[in-house]
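K.L.:
One structure, as structure tokens, below. Some questions next.
Just so it is clear, none of the values below were taken in a lab; they were calculated from the coordinates. Note that the coordinates shown come from a computational prediction; the quantities given were computed from them, not determined experimentally. Heads up, the Cβs are rebuilt from the backbone with ideal geometry, glycines too, and the neighbour counts pull from every protein chain shown.
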Amino acid sequence: MGDIKLHLDQWHQDLGGRMVSFAGYSMPVQYDGVMAEHLWTRENAGLFDVSHMGQLIFSSDDSSIDIGIELEKLLPANIIKLGVNRLRYSMLLAQDGGILDDLMVTRREHDFYMVVNGAVKHEDMAYIRENIDDRITLNYMEDHYLLALQGPKAGDVMKHLIPETDMLYFMQAGHYNWDGIDLWISRSGYTGEDGFEISVHNDDAQKLADALIAYEEVKPIGLGARDSLRLEAGLPLYGHDLTPEIMPFAANLSFAVPKRRREEAGFIGDDPILKQFADGPSDLRVGLAIEGRQPVREGAIIVDDQGQQIGAITSGGFSPTLQRPIAMGYVPMHLTEQGTGIIIQQRGKNIAAKVTAMPFVPNGYRRPPRAA
Amino acid sequence: MIRYFTEDHEWIEVEEEEATVGITDYAQGQLGDVVFVETPAAETILAKGDDAAVVESVKAASDVYAPVSGEVTDGNEALVDDPALVNSDPEGEGWFFKMKLTDTSELNALMDEDAYKEFIADL
């Protein structure tokens with residue numbers, strides 16, 4: 001069983017991309033080097049191939065069915081109040097409240113568009129089909145590519161390519177046409193920067209990717225920098241910081257279960273999740289500033305004064321922007337206050353760290369101007 | 001002075017019983033940007049294959065093994081402040097540690113430069 005080759009496999013290799021196995025795909029982990037690519041994205045704009053992710057469409061021929069209401073039975077998000085061409089972060093939850101995946105969902109004029117993680121997309125689809133009204137059709141957009149353009153200069157590049165995209169603010173999306181090609185563009189991403197995620201038919205993906213990297217502000221960026229960028233942004237990574245053993249409040253994602261949904265419930269996993277909300281979780285995902293220069297990695301443990309394990313690191317690495325190691329992990333509630341000192345044990349060595357606010361690096365989302 | 005190479009991409013330069021150990025240019029290229037190096041303290045006794053040093057890049061942590069047995073005489077202090085030396089000059093200023101060999105016959109199992117070049121060409 002080999003990895004699936006991306007439609008732009010050769011394109012990545014021609015640009016010097018080093019291909020590695022990820023989520024069942026052969027993906028570029030880096031081109032020029034993780035550090036250089038990371039810093040480039042924070043200062044300019046990076047183009048990421050995220051086509052391993054699952055793009056799903058929810059539609060129905062039955063006009064009596066409200067897809068938004070049906071999705072609320074599946075997701076803890078406020079979908080009913082979600083405006084057209086607006087997107088929201090949410091999670092797919094198990095009956096026991098565990099997180100099966102995290103995702104982005106967009107209400108469009110005639111359907112809903114969802115992007116789920118590549119590593120679990122097939123399990124997600126099976127689970128969704130099992131748990132959603134049969135009158136809703138779930139389409140997997142296997143013939144569509146997903147490119148992300150991220151960074152402080154992404155807005156200018158996109159505006160030059162497609163002037164109408166300048167109307168978009170963070171978490172807004174729309175349908176656009178570029179040079180005869182249909183594009184679905186969201187102002188969103190997973191780097192903490194302003195930027196876009198662009199859904200394009202496989203056949204047109206290379207033309208678009210070439211047009212984007214033709215801008216001197218844009219370079220192709222691999223998975224390595226994608227991971228360090230999202231870590232600096234304090235964003236959890238599914239399969240690492242989020243797992244089926246973790247519920248949303250422990251994951252510090254209470255914003256994704258808004259007040260109305262807590263009051264009304266009516267979503268898969270509501271009982272255990274609302275119980276955790278009422279009781280408070282026993283552990284919480286926090287950001288950690290690591291002392292010294294040695295990075296701590298996923299799998300390192302957090303210990304008490306006696307050396308007993310009380311928590312774990314779920315993501316960690318060296319922050320290229322801050323030039324020091326940072327991490328995320330789960331600690332008991334009484335240790336979650338900012339500035340609390342903790343001890344991490346990695347390969348038999350103790351490393352000191354302090355609980356710190358996330359994001360580690362301020363985000364650069366383009367928010368709508370406040371009403372006067 | 002003779003330079004030997006291991007399948008774990010370390011180089012060891014030997015002069016009589018004194019040796020300097022580092023990682024190869026190929027290894028640093030695979031690791032990417034090195035952000036941290038931990039070298040062994042002087043007087044550490046190492047058996048061939050023991051964990052001798054740790055090298056961390058943005059991406060991952062890797063162990064550096066003792067290519068042969070011996071006693072550490074010096075760790076490269078310059079790598080503490082400037083771990084990127086491993087990227088810029090892996091087979092020179094970016095050396096990891098020096099050691100006194102206990103059994104120079106262990107060197108016979110290692111590759112010379114030509115054999116190592118062939119080895120990485122096949123990877």
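K.L.:
Output ³J(HN,Hα) for the stretch A:210-226: one whole-Hz value per residue in order, computed from phi by the Karplus curve 6.51 cos²θ - 1.76 cosθ + 1.60 with θ = phi - 60°, and x for Gly and Pro.
P.N.:
5, 5, 6, 6, 5, 6, 5, 7, 10, 10, x, 10, x, 4, x, 6, 4
K.L.:
Let me ask another. How long is the gain from A:Glu245 to A:Thr340 if the chain were fully straight, where each residue apart is worth 0.36 nm and the alpha carbon distance is subtracted?
P.N.:
Result: 31.7 nm gained on full extension.
K.L.:
Let me ask something else. Calculate how many DSSP beta bridges within the protein assembly as shown are antiparallel, expressed in % of all such bridges and rounded to the nearest 5.
P.N.:
The antiparallel proportion sits near 95 percent.
K.L.:
Give the average, rounded to an integer, of partner chain Cβ atoms located within 10 angstrom of each Cβ in A:37-45.
P.N.:
0
K.L.:
Per-residue ellipticity at 222 nm for the protein assembly as shown, helices alone: DSSP H runs ≥ 4 residues times -39500 (n - 2.57), over residue total, nearest 500 deg cm²/dmol?
P.N.:
One gets -5500 deg cm²/dmol as the mean residue ellipticity at 222 nm.
K.L.:
Output needed: percent of Cα pairs per 10 Å distance bin for the protein assembly as shown, bins running from 0 to the one holding the longest distance.
P.N.:
Each 10 Å bin holds this share of Cα pairs: 4, 17, 25, 24, 16, 9, 4, 1, 0.
K.L.:
Return the long-range amide H neighbours of A:Leu93 (sequence gap of 5 or more, or a different chain), with a cut-off of under 5 Å between placed amide H atoms.
P.N.:
A:Leu100
K.L.:
Also, I was wondering about something else. For the stretch B:2-121, build the charge dipole from Cβ charges (+1 Lys, Arg; -1 Asp, Glu) around the Cα centre, then report which of B:Asn76, B:Ile2, B:Ala47 sits farthest towards its positive end.
P.N.:
B:Ala47
K.L.:
Let me ask something additional. Which is farthest toward the positive dipole end of the protein assembly as shown among A:Phe22, A:Pro76, A:Ala233, measuring Cα position about the Cα centre, with Cβ charges +1 (Lys, Arg) and -1 (Asp, Glu)?
P.N.:
A:Pro76
K.L.:
Pop the C-beta distance of A:Asp156 and A:Asp271 into the FRET formula with R0 = 51 Å and round what comes out to the nearest 0.05.
P.N.:
Efficiency, from the Cβ-Cβ distance: 0.60.
K.L.:
When Cβ neighbours within 10 Å are restricted to other protein chains, what is their mean count per residue of peptide B:26-38?
P.N.:
4
K.L.:
Oh, and also: Note down, for the stretch A:282-356, the three equivalent ellipsoid semi-axes (square root of 5 times each alpha carbon gyration tensor eigenvalue), biggest first, whole angstrom.
P.N.:
The three semi-axes for the stretch A:282-356 are 18, 14, 10 Å.
K.L.:
Here's something else I'd like to know. From the backbone phi of the stretch A:136-147, what are the Karplus-calculated ³J(HN,Hα) couplings (6.51 cos²θ - 1.76 cosθ + 1.60, θ = phi - 60°) in whole Hz, Gly and Pro given as x?
P.N.:
9, 8, 9, 10, 9, 7, 5, 8, 10, 9, 9, 10
K.L.:
Can you tell me the length gained on complete extension of the stretch A:Asp133 to A:Asp203, counting 0.36 nm per residue apart and subtracting the Cα distance?
P.N.:
Full extension of this stretch gives 21.9 nm more.
K.L.:
Suppose every Lys and Arg Cβ carries +1 and every Asp and Glu Cβ carries -1, with no other charges. What dipole size does the stretch B:2-121 come out with about its Cα centre, to the nearest 20 debye?
P.N.:
Magnitude of the dipole: close to 280 debye.
K.L.:
A further question on this structure: Share of antiparallel DSSP beta bridges in chain B, in percent to the nearest 5?
P.N.:
That works out to approximately 100 percent antiparallel.
K.L.:
Where both residues lie in the stretch A:91-243, what percent of DSSP beta bridges are antiparallel, nearest 5?
P.N.:
In the stretch A:91-243, approximately 95 percent of DSSP beta bridges are antiparallel ones.
K.L.:
For the ranges A:216-225, A:337-346, what's the packing order if you count other beta-carbon atoms within 10 Å of each residue, average per peptide, and put the highest first?
P.N.:
Ranked by mean Cβ neighbours within 10 Å, highest first: A:216-225, A:337-346.
K.L.:
So who's got an amide H within less than 5 Å of the one on A:Ser319, skipping anything under 5 residues away but keeping other chains? H placed 1.01 Å off N, in plane.
P.N.:
Residues meeting the amide H criterion: A:Arg324, A:Ile326.
K.L.:
How shielded is B:53-62 by partner chains, expressed as the average number of their Cβ atoms within 10 Å of its Cβ atoms?
P.N.:
What the average comes to for B:53-62 is 6.
K.L.:
Moving on to the next point. Given A:Lys81/A:Lys121; A:Lys159/B:Lys59; A:Lys81/A:Lys259; A:Lys5/A:Lys121; A:Lys81/A:Lys275, which pairs have Cα atoms separated by over 22 Å?
P.N.:
Beyond 22 Å: A:Lys81/A:Lys121; A:Lys159/B:Lys59; A:Lys81/A:Lys275.
K.L.:
About the Cα centre, and with charges only on the beta carbon of Lys, Arg (+1) and Asp, Glu (-1), how big is the dipole of chain A? Nearest 20 debye, please.
P.N.:
1260
K.L.:
Now for a separate question. Which lysines, on any chain, are close to B:Lys48 with Cα under 19 Å apart, when same-chain ones fewer than 8 places away are left out?
P.N.:
B:Lys98, B:Lys100
K.L.:
OK, next. What spacing in nm lies between the two simple spin-label points modelled at A:Lys73 and B:Ala60, each 7 Å away from Cα in the Cβ direction?
P.N.:
Result for the modelled spin labels: 4.5 nm.
K.L.:
Residue-wise, which Karplus ³J(HN,Hα) couplings in Hz belong to the stretch A:122-132, taking 6.51 cos²θ - 1.76 cosθ + 1.60, θ = phi - 60°, and x for glycine or proline?
P.N.:
6, 5, 4, 5, 4, 5, 5, 4, 5, 10, 10
K.L.:
Using the basic label-point model (7 angstrom from Cα toward the beta carbon), what is the A:Ala312 to B:Asp103 distance in nanometres?
P.N.:
4.0
K.L.:
Give the long-range amide H neighbours of A:Ala312: residues separated by 5 or more places, or on another chain, with amide H under 5 Å away, using H modelled in the peptide plane at 1.01 Å from N.
P.N.:
Those qualifying (amide H under 5 Å, at least 5 residues apart or on another chain) are A:Ile302, A:Tyr330.
K.L.:
Order A:113-124, A:182-193 from most to least packed using the mean count of other Cβ atoms within 10 Å.
P.N.:
In descending order of packing, they fall as A:182-193, A:113-124.
K.L.:
Taking the Cα centre of the stretch A:1-66 as origin, work out the dipole magnitude from +1 charges on Lys and Arg Cβ and -1 charges on Asp and Glu Cβ, in debye rounded to 20.
P.N.:
In total the dipole reaches around 320 debye.
K.L.:
Averaging over all projection directions, find the projected area of the Cα convex hull of the stretch B:2-121 and quote it in nm² with one decimal place.
P.N.:
Mean projected area of the Cα convex hull: 6.5 nm².
K.L.:
Something else about it: How far is it, in nm, from the label point at A:Glu109 to the one at B:Ala41 when both lie 7 Å from their Cα along the line to the Cβ?
P.N.:
7.2
K.L.:
Which distance in Å, rounded to a whole number, links the C-alpha centroids of the stretch B:105-123 and the stretch A:200-258?
P.N.:
Result: 41 Å between the Cα centres.
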